Amino acid sequence: MAAHDPVEYVADLLGCGVAVSDGAPIVDLDDASDLLIQLIERRLTAVHTANNGLPLGLLLSGGIDSILVAACAARLGLRPTAVTVMAMKPGGGTPYQSGDERGAAAAAALGLAHSAVRLTPDDVLVSARDCIPRLGLTELWEVTSAIPVLAAIDRLDANGANGPALSGAGADALFLGGGVLTSDPQTDEAVEEYRDQVLHNVRRFFTRARLIPDYYERLLGSRWHRFVQVFQTISFWQYAQLIHPTLLWRAGPDGRTYDKYVLRYSAHRLGVSEKLAFTAKEPLQVSSGMVAALMYCARRELSGRAANRTYADPMVEPDEHTAVRWYLEQVSRERDNE
């Protein structure tokens with residue numbers, strides 16, 4: 001495959017060649033940052049050139065992965081149209097999460113046009129009903145990932161950005177975003193542990209042999225090739241094998257330990273403020289508010305049945321009570337169908 005392809009299924013392409021590196025890791029932060037920025041810019045340039053300069057889009061979630069891609073694109077002068085998808089609380093005034101503000105702030109700082117897609121809980125529910133038959137299943141993480149991706153592509157089309165849609169997807173698998181090591185990052189054991197975990201992730205996630213092998217084809221139809229997962233390539237897999245884990249877990253400016261440090265450091269070097277570069281973020285499904293919006297819809301439906309309000313209010317009861325209510329309804333339907 002080529003550097004301009006929307007995604008590289010690394011495990012499938014390399015087969016037995018996907019193995020743990022035994023080379024000495026890069027330990028210098030600036031060297032690692034320079035190489036990372038170079039790889040991203042090379043990837044973005046290849047994608048842009050291969051698509052004849054069509055207007056680029058960028059899914060800017062407010063997390064460091066997409067912010068770094070945005071910073072590299074801005075430095076290259078590519079100026080993608082950034083879009084952030086957020087579910088709003090009932091009433092429409094407040095998002096469930098703060099990614100909307102971070103995405104808009106990052107785009108403004110980098111001089112990028114930004115469009116916010118604000119979905120009501122009912123909008124999210126309608127989209128879920130659309131995505132489920134497209135994907136052919138109801139799995140939570142697949143559906144709640146599909147909703148913001150579909151909404152983002154639709155908004156980019158509406159804004160005339162009908163070229164590749166850049167995404168920071170894949171970075172967490174390579175750089176263990178949200179994860180920790182059991183070994184002290186300073187030790188040789190940590191290098192081995194980190195490389196083993198990355199190898200596991202690549203074999204598990206960078207392959208078509210997943211729950212839905214043709215996920216993007218099902219979700220986006222003829223537009224699937226436009227969704228570019230910037231970090232899911234052989235080059236980034238090789239880079240992940242080169243860096244020392246001490247470049248991934250370090251104290252930020254506020255003294256807290258942050259993951260993916262070299263990504264944050266690189267974004268800051270490219271002009272992103274510390275406030276935006278050093279911030280925690282949940283997975284897209286949560287940070288976009290999709291899970292929270294669907295939970296609200298579930299509670300609202302349960303609350304609409306008088307019997308469910310006999311002993312408690314489904315709108316405010318613990319999450320596990322809501323889950324059990326839905327499970328009991330499933331049990332009842334199964335019994336009725338016997």
Checklist outcome for this item: Checked pairs for the range 64-85, first farther than 14 Å from Ala171 by Cα, second of a type in the set (Ser, Thr, Tyr) and assigned to a strand (DSSP E or B), C-beta under 7 Å and 6 or more apart or across chains, list as Thr81/Ser115; Val83/Ser115
Next on the checklist: Can you report the number of residues in the range 5-20 which are part of a loop (DSSP other than H, G, I, E, B) and either at positive phi or modelled with pLDDT of 70 or more (or both)?
Outcome noted: 5
Item to check | Matching option when the condition is touching a Pro at 6+ places or on another chain (Cβ under 7 Å), hydrophobic (A, V, I, L, M, F, W, C), crowded, with 18+ Cβ neighbours inside 10 Å and under 30 Å from Asp172 (Cα atoms), among Leu302, Leu284, Leu294 | outcome: Leu284
Next on the checklist: Please verify whether Leu156 is at pLDDT 95 or above and either closer than 17 Å to Pro6 by Cβ or out of contact with any Cys (no Cβ under 7 Å at 6 or more places or on another chain) (or both), treating the condition exactly as stated.
Outcome noted: yes
Checklist entry - Has the range 237-245 got any residue that is assigned to a helix (DSSP H, G or I), over 25 Å from Leu60 (Cα atoms), touching a Gly at 6+ places or on another chain (Cβ under 9 Å) and not small (Gly, Ala, Ser)? => result yes
Checklist outcome for this item: In the set Asp254, Asp184, the lone residue that is in contact (Cβ under 8 Å) with a residue 24 or more places away in the chain and either assigned by TED's automatic domain parsing to the domain that holds Val143 or in a helix (DSSP H, G or I) (or both) is Asp254
Checklist outcome for this item: Apart from one, (1) part of a helix (DSSP H, G or I); (2) touching a residue at least 40 places away in the same chain (Cβ under 8 Å); (3) not acidic (Asp, Glu) all hold for His268; the odd one out is (2)
Checklist entry - So how many residues does the range 24-79 have that are polar (S, T, N, Q), surrounded by fewer than 17 Cβ atoms within 10 Å (Cβ to Cβ) and outside any helix (DSSP H, G or I)? => result 1
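Every residue, every condition in (1) of a type outside the set (Phe, Trp, Tyr); (2) within 23 Å of Val291 (Cα to Cα); (3) surrounded by 14 or more Cβ atoms within 10 Å (Cβ to Cβ); (4) touching a strand residue (DSSP E or B) at 6+ places or on another chain (Cβ under 8 Å), yes or no:
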residue: Val117; (1), (2), (3), (4): yes, yes, yes, yes
residue: Thr138; (1), (2), (3), (4): yes, yes, no, no
residue: Glu142; (1), (2), (3), (4): yes, yes, yes, no
residue: Gly178; (1), (2), (3), (4): yes, yes, no, no
residue: Asn201; (1), (2), (3), (4): yes, no, yes, no
Checklist entry - What's the number of the condition Ser222 fails, among (1) over 18 Å from the mean Cα position of the chain (by Cα); (2) more than 19 Å from Leu58 (Cα to Cα)? => result (2)
Next on the checklist: Residue pairs, Cβ under 9 Å, 6 or more apart or interchain, first in the range 129-141 and of a type outside the set (Ser, Thr, Tyr), second part of a loop (DSSP other than H, G, I, E, B). List them.
Outcome noted: Ile132/Thr138; Leu135/Ile212; Gly136/Ile212; Leu137/Leu211; Leu137/Ile212; Glu139/Leu211; Glu139/Ile212; Trp141/Pro283
Item to check | Filter result for the condition that a residue is among the aliphatic types (A, V, I, L, M), touching a residue at least 60 places away in the same chain (Cβ under 8 Å) and in a helix (DSSP H, G or I), over Ala161, Ala151, Ala169, Ala173 | outcome: Ala151
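The values are calculated or read from the model by the stated rules, or taken from the named source; none is laboratory data. Just so it is clear, the model here is predicted, and its values are computed rather than measured. Quick reminder, even Gly has a Cβ in these numbers, built from the backbone with ideal geometry, and neighbours come from all protein chains shown.
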